[in-house]
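Colleague: Can you keep this structure in mind? I'll have questions shortly.
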2 protein chains.
Amino acid sequence: MNENMNEKFEKLQPYLDRSVALGCALTLFNWDGETLAPRGAFEKTSKLIGALSAEYYRAVINDEVRSLLGELSAPKEQEKLTALQRAIVKKLLRQYEELEKIPPEEYQAYQELLSLSGQIWAEAKENNDFAAFAPTLKKIVSWQKRFAEYTKKPGMSLYDVMLDQHEEGILTAQLDEFFGKLRSAVVPLLKKVTAQNSRIDKSYNSRSYPVEKQREFCRFLAEYIGFDFERGIVAESAHPFTTNLHNADVRITNHFYENNLESAIFSVIHEGGHALYEFGVDDELTLTPVGGGTSMGVHESQSRFYENVLGRSEAFWKPLFAKLKETWPDQLADIELSDFILGINKAEPGSIRTEADELTYPLHIMIRYEIEKQLISGEIEVDDLPEIWNEKYREYLGITPENDKEGVLQDVHWSTGSFGYFPSYAIGNAVAAQIYAFMHREIPVAECLEKSDLAPIREYLRKHIHRHGCTKNMNELLTEMTGEQLNADYYIDYLTQKYTGLYLSRQ
Amino acid sequence: MNENMNEKFEKLQPYLDRSVALGCALTLFNWDGETLAPRGAFEKTSKLIGALSAEYYRAVINDEVRSLLGELSAPKEQEKLTALQRAIVKKLLRQYEELEKIPPEEYQAYQELLSLSGQIWAEAKENNDFAAFAPTLKKIVSWQKRFAEYTKKPGMSLYDVMLDQHEEGILTAQLDEFFGKLRSAVVPLLKKVTAQNSRIDKSYNSRSYPVEKQREFCRFLAEYIGFDFERGIVAESAHPFTTNLHNADVRITNHFYENNLESAIFSVIHEGGHALYEFGVDDELTLTPVGGGTSMGVHESQSRFYENVLGRSEAFWKPLFAKLKETWPDQLADIELSDFILGINKAEPGSIRTEADELTYPLHIMIRYEIEKQLISGEIEVDDLPEIWNEKYREYLGITPENDKEGVLQDVHWSTGSFGYFPSYAIGNAVAAQIYAFMHREIPVAECLEKSDLAPIREYLRKHIHRHGCTKNMNELLTEMTGEQLNADYYIDYLTQKYTGLYLSRQ
């Protein structure tokens, strides 16, 4: 595969190929389970997933890989490697050190549990029945804590371990500061902004938008932002998500509600942003252990950059608004572009994270972050979650969710064992704002959008982020692009400017 | 898993679990490639499939499995095993002996080729360009011959090896006799029958049947014959097929043409028949190496039993015809049940196998059988195929295909390396007829159909065939059910009676 083939690295290659192939097989099972598999299949299929996870474990964790990684990490050997090979060794070593501490039978049992838990959560949510999910969630939390205990480094809390898995090096101390800063900026801004809300009528959004037309329009949007249908597909699932096997097989899903115009539109732009990241990974990297996006935070920066920074801007909709109105002439007859822009940016406390505007969004994340910290530290228990959830919503957003379906059961993440994931969304927003501040200096972003020419934007992101896969972490990417590490000020400035401009300067 | 756990068998269990899981992963990749994967993905995905195939190979072929199988085959150990365990050991041994003779790197290279060849064939067919497929087909033929050479037993031809893989023990000598008998019965019958064809007007079939209604009606039909949507799904693909992960995840596909009412209807009944087989496998067997249908021939017996023996009978349509007419009141306004039954059974030479009636169908199979024999023996070459194909069609059916798309490129099988598969269709028809002859004695088949109560038929097939998975081969199943091995006479009687009844006795 690589011209500059080092003999020791060559010995590692079969293990890389196996682990990548098994990883992709697990990805495909996951995709299939979310989109297509019959409901009655899960129990038996979970056995298959357990066995494949065990195979994956064996492909990565074994004496030969351990000894090869040891040799390849030595400074003398490192010199002989290409940059890509060094990145692969580094990544694999990190993964090895985490995984080897987990006994294989525990790893397999946990993967089997996870392959069932999504279904259990979905049914509990459907039936608004937290108690039906609680026993499974308790098991997941207990496994998560056990695994974190195995891999914990000195000075880290268990929750730090989970955070570190999602965003290398971004732990509780830094996040506490990040969210603290954010909260003191967002809360007063939100108060000022929502005082003006009576001006904004977005009742158009819940008129009837037949699903077939939504499907068509969303397909058009995906293509418009650069989704490559030759190398990707769009399907449907309860909760939109993105996954990929490699850079020539990238998959997003969407969902459609007849009485909600925005939901599918911004979901497809969001998932499309994730997809562009994976499409943009260099050919040399795809199908290697460093072939995917570098972290959840950077991934979310791309999806939210497309969804919010671009997708909720006036410049984005200027060339598209006529088409939108053509698609639904009756429903949007009385709506002007300026109404639409205000509508899609209306800031309003609500109980559902995925439907939140940009301003309340970080508050939803802070709630989850606080709850996860307490849950993992043992301060609170799984059974306390519904009550604490609702309390926090009253405290942060001034509302009480109507029920657990719209409260503690709303998100899939905990059912997949993804503790420490939620902060990625806020980090992603912050990274998006930081990137945007610098992108401006090289590209006339608004002009590109108004000309329907998104290629320069896509190419800029590809050059600075996408193509590198996970050979560089978030702070390395940001430092190279912007000269500094993650800095919440850009995010605060972005929100302040945007909402001041939209709501307050036009009074 | 099993109460009666033998210590040696227990040591085999992890290898069984791994091979089943990897086999299912490959099945899922195959399903995904046929139904959903983006066109641009194949090249990279083929690498994954190659690596997974290599994993599969390693899970089955290794020193420990070899030595365990050796020990477990000894008569003393056999006594200690349950019937299921003995069946698993027997099946695995057969697989082991075949696979171990193929060098692993050749196995992987061949699997990678196959994961690409489907796409190459599909494009060649689309473009009516045999030359674009020929180089790939040459490679496939050459690998197939090479592998057959490795595993050939004394007295077998290379083609015998391929036949034996699809239907244990049914080799050229027996098939020559089978087809010879069939040909001398079918050819004169067809001549008599087609002389009456001017009586039958099936122009209704090519009226306009909007696809959405077809989808609905076919979903209804699937459910009607017993397809369990809790444990199965129906999707779409260019060529309908059935696959499954286990007995709680069974998948069929269909295709729809606006100007062809029959195609989708009989495809869904056909694939539904395959699906019922896999749904019916015992829980104890599924997810083991003996968990699938026993052979292609027996599988086709089930699909063609539903499609033809049941699905093209008057009794089947009696309770359904009103619904069919309700679905398409304009298109079928002038059509009576008796017209429809004659229409769906009209015997007429044509160039496309999958659209052939029951009477010309075996002739399509004979053509492929003759060609495969000659191709594998080296009598003819890949480049000769289009010409020889057309010659045989003139000889057997009196027609010349319009082009290679409707000729030698029509079937997917060779692109998947499935030489020796086609005879299974004819064997399947014969098995279906033989089963039908005996089923009658226990179940009032026509009465069940007229009452829309298909459960007794399904249960009969489940009891005698489905539940056994591949613990018994075709002739064992037939002998237990009918007291004799495969006997072409039942098939000839069935065709003669059916077509005499339909065409000749009503004159």
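The values are calculated or read from the model by the stated rules, or taken from the named source; none is laboratory data. If you're wondering where the values come from, they're calculated on a predicted model, not measured in any experiment. All Cβ positions, glycine included, derive from the backbone under ideal geometry; neighbour counts span all protein chains shown. Surface areas here come from the heavy atoms of the whole protein model, side chains and all, with no ligands, DNA or RNA. Shrake-Rupley method; radii C 1.70, N 1.55, O 1.52, S 1.80 Å.
Colleague: Tell me which residues, restricted to the stretch B:82-95, are out of contact with any Leu (no Cβ under 7 Å at 6 or more places or on another chain), closer than 23 Å to B:Lys153 by Cα and either open to solvent by 40 Å² or more (accessible area, probe 1.4 Å) or within 14 Å of chain A (Cβ to nearest Cβ) (or both).
Modeller: B:Lys90, B:Lys91, B:Arg94, B:Gln95
Colleague: Being closer than 25 Å to A:Tyr204 by Cα, open to solvent by 20 Å² or more (accessible area, probe 1.4 Å) and in contact with a helix residue (DSSP H, G or I) (Cβ under 7 Å, 6 or more places away or on another chain): is that true of A:Lys373 here?
Modeller: no
Colleague: Between residues in the stretch B:45-65 that are facing chain A (nearest Cβ under 7 Å) and residues that are open to solvent by 10 Å² or more (accessible area, probe 1.4 Å) and among the β-branched types (Val, Ile, Thr), which pairs lie under 7 Å by C-beta distance while being six or more apart or on different chains?
Modeller: From the stretch B:45-65, no pairs qualify.
Colleague: Among the residues of the stretch A:101-112, count how many are buried (at least 17 other Cβ atoms within 10 Å of the Cβ) and assigned to a helix (DSSP H, G or I). Step through it out loud before you land on a result.
Modeller: Within the stretch A:101-112, the first condition is being buried (at least 17 other Cβ atoms within 10 Å of the Cβ), and the residues that meet it are A:102, A:107-108, A:110-112.
Filter again for assigned to a helix (DSSP H, G or I), leaving A:107-108, A:110-112.
Of the residues in that region, 5 qualify.
Colleague: Inside the stretch A:427-492, counting only helices (runs of 4 or more DSSP H) that do not spill past its ends, which hold 1 or more residues that are under 22 Å from the mean Cα position of the chain (by Cα)?
Modeller: Because the criterion is at least 1 residues that are under 22 Å from the mean Cα position of the chain (by Cα), the helices (runs of 4 or more DSSP H) in the stretch A:427-492 that meet it are A:455-464, A:474-482.
Colleague: In addition: Taking the options A:Ala275, A:Ala264, A:Ala322, name whichever one is open to solvent by 10 Å² or more (accessible area, probe 1.4 Å) and aliphatic (A, V, I, L, M).
Modeller: Residue meeting the stated conditions: A:Ala322.
Colleague: With respect to B:Ile457, is the statement that it is surrounded by fewer than 19 Cβ atoms within 10 Å (Cβ to Cβ) and either out of contact with any Ser or Thr (no Cβ under 8 Å at 6 or more places or on another chain) or under 25 Å from B:Arg353 (Cα atoms) (or both) true?
Modeller: In short, no.
Colleague: Can I ask one more? Where the second residue is among the charged types (D, E, K, R) and part of a helix (DSSP H, G or I) and the first is modelled with pLDDT of 95 or more and lies in the stretch A:315-334, which pairs have Cβ atoms under 6 Å and are six or more apart or on separate chains?
Modeller: These pairs meet every condition: A:Ala315/A:Glu450; A:Lys318/A:Glu450; A:Thr327/A:Lys213; A:Leu332/A:Lys325.
Colleague: Only one of these conditions is not met by A:Arg353: (1) in contact with a His (Cβ under 7 Å, 6 or more places away or on another chain); (2) free of Cβ contacts under 8 Å to residues at least 40 places away in the same chain. Which number is it?
Modeller: (2)
Colleague: Filter the stretch B:155-207 for residues that are β-branched (Val, Ile, Thr) and in a loop (DSSP other than H, G, I, E, B); which is farthest from the chain's Cα centre (by Cα)?
Modeller: B:Ile200
Colleague: Now a separate question. For the structure I just gave you, tell me whether B:Glu123 is more than 21 Å from B:Glu372 (Cβ to Cβ) and surrounded by fewer than 20 Cβ atoms within 10 Å (Cβ to Cβ).
Modeller: When the stated conditions are applied, B:Glu123 passes them.
Yes/no per residue for (1) of a type outside the set (Gly, Ala, Ser); (2) at pLDDT 95 or above:
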position	(1), (2)
B:Met156	yes, yes
B:Glu168	yes, no
B:Phe179	yes, yes
B:Asn197	yes, no
B:Lys213	yes, yes
B:His239	yes, no
B:Ala248	no, yes
B:Asn260	yes, yes
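Colleague: Next question, about the same structure. Given the conditions (1) farther than 27 Å from A:Pro423 by Cβ; (2) touching a helix residue (DSSP H, G or I) at 6+ places or on another chain (Cβ under 8 Å), report the number of the one that A:Thr82 does not fulfil.
Modeller: (2)
Colleague: Take A:Glu278 and decide whether it is within 14 Å of another protein chain (Cβ to nearest Cβ) and under 15 Å from the mean Cα position of the chain (by Cα).
Modeller: Against the criterion (within 14 Å of another protein chain (Cβ to nearest Cβ) and under 15 Å from the mean Cα position of the chain (by Cα)), A:Glu278 qualifies.
Colleague: Right, another one. Can you tell which of A:Pro349, A:Pro362 is modelled with pLDDT of 95 or more, under 23 Å from A:Glu300 (Cβ atoms), within 26 Å of the chain's Cα centre (by Cα) and open to solvent by 30 Å² or more (accessible area, probe 1.4 Å)?
Modeller: Criteria check complete, one pass: A:Pro349.
Colleague: While we're on this one: Would you check if there is a residue in the stretch A:388-396 being in contact with a Gly (Cβ under 8 Å, 6 or more places away or on another chain) and either open to solvent by 50 Å² or more (accessible area, probe 1.4 Å) or over 15 Å from A:Ala124 (Cβ atoms) (or both)?
Modeller: Taking every residue of the stretch A:388-396 in turn, at least one turns out to be in contact with a Gly (Cβ under 8 Å, 6 or more places away or on another chain) and either open to solvent by 50 Å² or more (accessible area, probe 1.4 Å) or over 15 Å from A:Ala124 (Cβ atoms) (or both).
Colleague: Restricting to the stretch A:225-254, what's the tally of residues that are more than 10 Å from every other protein chain (Cβ to nearest Cβ), assigned to a loop (DSSP other than H, G, I, E, B), of a type outside the set (S, T, N, Q) and over 15 Å from the mean Cα position of the chain (by Cα)?
Modeller: 3
Colleague: Next up: Looking at B:Lys181, B:Lys202, B:Lys192, B:Lys213, can you tell me which residue is open to solvent by 30 Å² or more (accessible area, probe 1.4 Å) and either among the β-branched types (Val, Ile, Thr) or closer than 15 Å to B:Met366 by Cα (or both)?
Modeller: Only one candidate passes the filter, namely B:Lys181.
Colleague: Let me ask another. Of B:Glu98, B:Glu34, B:Glu79, which residue is open to solvent by 10 Å² or more (accessible area, probe 1.4 Å), away from chain A (no Cβ under 14 Å) and in contact (Cβ under 8 Å) with a residue 60 or more places away in the chain? Before the answer, list the steps.
Modeller: Working: B:Glu34 fails: away from chain A (no Cβ under 14 Å); B:Glu79 fails: in contact (Cβ under 8 Å) with a residue 60 or more places away in the chain.
Residue meeting the stated conditions: B:Glu98.
Colleague: Here's a check for you: in the stretch B:1-31, which residue that is without any contact (Cβ under 8 Å) to a residue 12 or more places away in the chain and more than 7 Å from chain A (Cβ to nearest Cβ) is nearest to B:Ala122 (Cα to Cα)?
Modeller: Within the stretch B:1-31, the match that is nearest to B:Ala122 (Cα to Cα) is B:Pro14.
Colleague: When the stretch B:320-330 is examined, which residues are found to be of a type in the set (Phe, Trp, Tyr) and assigned to a helix (DSSP H, G or I)? Steps first, please.
Modeller: Residues of the stretch B:320-330 of a type in the set (Phe, Trp, Tyr): B:321, B:328.
Across the stretch B:320-330, the qualifying residue is only B:Phe321.
Colleague: Suppose the filter is touching a helix residue (DSSP H, G or I) at 6+ places or on another chain (Cβ under 6 Å) and surrounded by fewer than 22 Cβ atoms within 10 Å (Cβ to Cβ); does B:Ile61 pass it?
Modeller: Yes; evaluated as a whole, the condition is true for this residue.
Colleague: Go through (1) over 19 Å from the mean Cα position of the chain (by Cα); (2) surrounded by 21 or more Cβ atoms within 10 Å (Cβ to Cβ) and name the single condition B:Leu332 misses.
Modeller: (2)
Colleague: Quick check on A:Thr45: is it at pLDDT 95 or above and out of contact with any helix residue (DSSP H, G or I) (no Cβ under 9 Å at 6 or more places or on another chain)? First the steps, then the outcome.
Modeller: Working: at pLDDT 95 or above: yes; out of contact with any helix residue (DSSP H, G or I) (no Cβ under 9 Å at 6 or more places or on another chain): no.
Taking the combined requirement at face value, the residue does not satisfy it.
Colleague: Restricting to the stretch B:113-134, and then to whatever is part of a helix (DSSP H, G or I) and in contact with a Lys or Arg (Cβ under 7 Å, 6 or more places away or on another chain), can you tell me which residue is nearest to B:Ala148 (Cα to Cα)?
Modeller: Among those that are part of a helix (DSSP H, G or I) and in contact with a Lys or Arg (Cβ under 7 Å, 6 or more places away or on another chain), it is B:Leu113.
Colleague: For the condition over 27 Å from B:Gln410 (Cα atoms), open to solvent by less than 60 Å² (accessible area, probe 1.4 Å) and touching a residue at least 24 places away in the same chain (Cβ under 8 Å), what is the one hit in B:Ala235, B:Ala248?
Modeller: On the way: B:Ala235 fails: over 27 Å from B:Gln410 (Cα atoms).
Step by step, each of B:Ala235, B:Ala248 is checked, and only B:Ala248 is over 27 Å from B:Gln410 (Cα atoms), open to solvent by less than 60 Å² (accessible area, probe 1.4 Å) and touching a residue at least 24 places away in the same chain (Cβ under 8 Å).
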